[in-house]
Structures are given as C-alpha cells and as structure tokens.
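Below: the structure, in structure tokens.
The values are calculated or read from the model by the stated rules, or taken from the named source; none is laboratory data. This is a predicted model, so every value here is computed, not measured. Here the Cβ is made from the backbone with ideal geometry for all residues, glycine too, and neighbour counts use every protein chain on show.
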C-alpha cells in the first residue's frame, strides 16, 4: 500500500515537471511591454527687453515665472524700476517682458535775484540822463578827443564833424549835427542830451 502512494506522487511530480518544461520551451506570445522614459519638457521662448543686463529672446522651461525670465536675462540694471512688475506671474511661449527704467527727477536750478548793476540787466540802448554836473560838449568848439567821448562817435565821425563845421560854419542848433555823414537819428538820440551849440557859463 505504501509503495502505491509513492508511485502516485512520482507520477504527479513528473507531470508537473513536464508541464513546466513545456511552458518554458514555448516562445513568448504578444509584444513585450517596454517602459518608456517620461517625456522631456519642451522649452518656450520669451522676449525680455528694457532695463536688464542681457535683453533679448531667452528659452525657459514650462512653468517659468517672470522672476525666472529676469534671471535668464542677467538680472536688473541699476536703472531698472521693478516696482510695477509681478515677479510671480506665469509665462507662456511668445510672452514679452518689459522692464521699465527709472525716470530721473530733475533738480531745479537755484535762482538768483537779478543784479541791477550787472551789464546783462542793463538796457544797451538806454541813454543815461545828463545831470547838472555833467558838462555839455560844444560841437562848435570841441576837439576830436572831446567828440569821441560821445556815444557812437568814433575817430572817423569826429573828424567829419570838425570838417563839416570848417566848411559850413558853426552849427546853429544841435539838430544840424545830423547833416554830418554817419550821424543818423539813432546816434543823435544817444548824444543830444550831452551836446550844445552855446557857450556854457
């Protein structure tokens, strides 16, 4: 009886071993399952301009923010004004980031009260009024140096005055000096308060 169980167990184990050998010798069925690596993220392009060290188009990975774009451009320049930028904003492909520059505040120039004694504040066409202490120049008897002290009268004009009175006699009025070549109404207005044809007391 005992030998019979041994024979039965031997047959069972023999069948199991034969089945395993058969299955192992069969070619695999279907396509093998391959484990693929995760896809590589494709970077996108962002245009960074304004007050950054390296402005231009930079490639950034998906999920980048404005702060990442600034760092890709080398950071802010000293003149950059980042107060209006949202550094945490997400970026998309083709986004442009403009970093503005600070606007310098103009410092007003100090003002000074005008100096009435300064030549720039004096009217060049104004004629100083004659005072009682200012001696009048007699155009009938004045020498060339005396005539040249008058405004607008140079050496040539002074000689013309002397030549005119030598040829035509003394001036009967100060207005007649305008008959001298080179002395017009403008020059006469400058000198009329300083000339005379009468002898001074």
Does residue 65 satisfy the criteria of being surrounded by 13 or more Cβ atoms within 10 Å (Cβ to Cβ) and modelled with pLDDT of 55 or more?
-> yes
Is it the case that residue 38 is out of contact with any strand residue (DSSP E or B) (no Cβ under 8 Å at 6 or more places or on another chain) and modelled with pLDDT of 70 or more?
-> yes
Name every residue in segment 50-62 that is farther than 14 Å from residue 101 by Cβ and crowded, with 17+ Cβ neighbours inside 10 Å, in order of residue number.
-> 58, 60
Members of segment 63-79 that are in a helix (DSSP H, G or I) and without any contact (Cβ under 8 Å) to a residue 12 or more places away in the chain | 71
